[in-house]
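Student: First the structure, then my questions, so here it is.
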Amino acid sequence: MPSTVATAAWAATTGPQAQAQALGAAEALRHGTYWNAPQLPGHDGPLTLGPGERERLRLILAGKPLSRQTWLDAVDAHLRGRHINATPGERALDLREDVLDERPDVYLDIDDWLTAIAATGADNQWPDLDIDAVCRAAVKAFHIERQLTDDGLLPAGTRVWTYLAYDIATATSLAQSGFRLGFADGAMVGQILDAARANAGAVFADWAQFGASYAAARSSLHGSYPCDDVWREATGAVATLLADPTGPWTALEFPTGEPA
């Protein structure tokens, strides 16, 4: 993974669109693309997909054939958070928030968390496999948060309350891929970026919160334990972006807005 995110010199680095594009900077850093332009570094000719990009899109599309419609469906699902909301990890975080809404506490002990999941599952007649999946996701989130704190990416005594940053970052990255594929023109990409910017600003307060959510989600969805390659790549990208004095996360204020 590069030590800095690539910036296209000819593209905007300030303003609302740049703010929105910066939401996908961790994905750009992972894949060696520009954070602020759909063109690829080293490719001055016609737009083309980057190395491994078609396989990455196939995974995002969950095996569906790559077409403009399946791309649009994926963009919409990630922009609206429907993708992440359907995962056991997000269900676990949501349930913890529901419990904490009724308490003065800012954190929930793992035993109480698992008890609450089991009770909710029983009350709502969840299948045993679903209860088990959400419980395992909660245990994973518990360890992820502890490691984020140890790594200096989550203040002690705080928590990750949503994995939505992953969906927003993915939607932003998908917008750039769609432009490269000819699925979207500049106007459509702008609409996607506007929605991503508004949704991020309605949920997160700053780049640090957004980054912690993104790294936690990457580990929850694609990692095994918060010390593997997925973890190192995700937290490395976030730490780099938060520390880089010339990068978009330090040069740009975090977006503010209402959900689109």
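Since every read-out is calculated from the coordinates, none of them should be taken as a lab result. Because the structure is predicted, anything quoted here is derived from the model rather than measured. Every residue, glycine among them, receives a Cβ derived from its backbone with ideal geometry; neighbour counts consider all protein chains shown.
Student: Testing the spin-label approximation: label points 7 Å from Cα along Cα→Cβ at Ala86 and Leu129. State their distance in nm.
Tutor: Between Ala86 and Leu129, the label points sit 1.5 nm apart.
Student: With r defined as the distance between the Cβ atoms of Cys227 and Arg54 and R0 fixed at 35 Å, what FRET efficiency is calculated, to the nearest 0.05? Write out the running numbers ahead of the final one.
Tutor: Numbers: r = 30 Å, r/R0 = 0.86.
Working from the Cβ atoms, E equals 0.70.
Student: About the Cα centre of the range 88-150, what is the dipole size in debye to 20, counting +1 per Lys and Arg Cβ and -1 per Asp and Glu Cβ, all else neutral?
Tutor: 240
Student: Give the Debye-formula value of log10 I(q)/I(0) at each listed q (0.09, 0.14, 0.16 Å⁻¹), with one equal scatterer per alpha carbon of the chain, two decimals each.
Tutor: Debye curve over Cα of the chain, log10 I(q)/I(0) at q = 0.09, 0.14, 0.16 Å⁻¹: -0.40, -0.95, -1.21.
Student: Using only the Cα atoms of the range 88-150, what do you get for the radius of gyration and for Dmax, in Å?
Tutor: Expressed in Å, the Cα Rg and Dmax of the range 88-150 come to 11.5, 37.
Student: Might you report the magnitude of the Cβ-based charge dipole of the range 115-260 about its Cα centre, with Lys and Arg at +1 and Asp and Glu at -1, to the nearest 20 debye?
Tutor: Its charge dipole is roughly 120 debye.
Student: Taking amide hydrogens as modeled 1.01 Å from N in the peptide plane, which residues meet the under 5 Å criterion relative to Ala6, leaving out close sequence neighbours?
Tutor: For Ala6, the qualifying residues are Trp35.
Student: So what's the back-of-envelope 222 nm ellipticity for the chain, counting only DSSP H runs of four-plus at -39500 (n - 2.57) apiece and dividing by all residues, rounded to 500?
Tutor: -19000 deg cm²/dmol
Student: Let me ask another. Order these by the 10 Å Cβ neighbour count, fewest first: Asp105, Asp94, Asp194.
Tutor: Listed from fewest to most nearby Cβ atoms, that is Asp105, Asp94, Asp194.
Student: Working out 0.36 nm times the residue gap between His143 and Ser3, then minus their Cα-Cα distance, what length gain in nm do you get to one decimal?
Tutor: Here the segment from His143 to Ser3 would lengthen by 47.7 nm.
Student: Under a no-solvent Debye model with one identical scatterer per Cα of the range 164-227, what's log10 I(q)/I(0) at q = 0.12, 0.15, 0.18, 0.24 Å⁻¹?
Tutor: The calculated log intensity ratios at q = 0.12, 0.15, 0.18, 0.24 Å⁻¹ are -0.36, -0.53, -0.70, -0.96.
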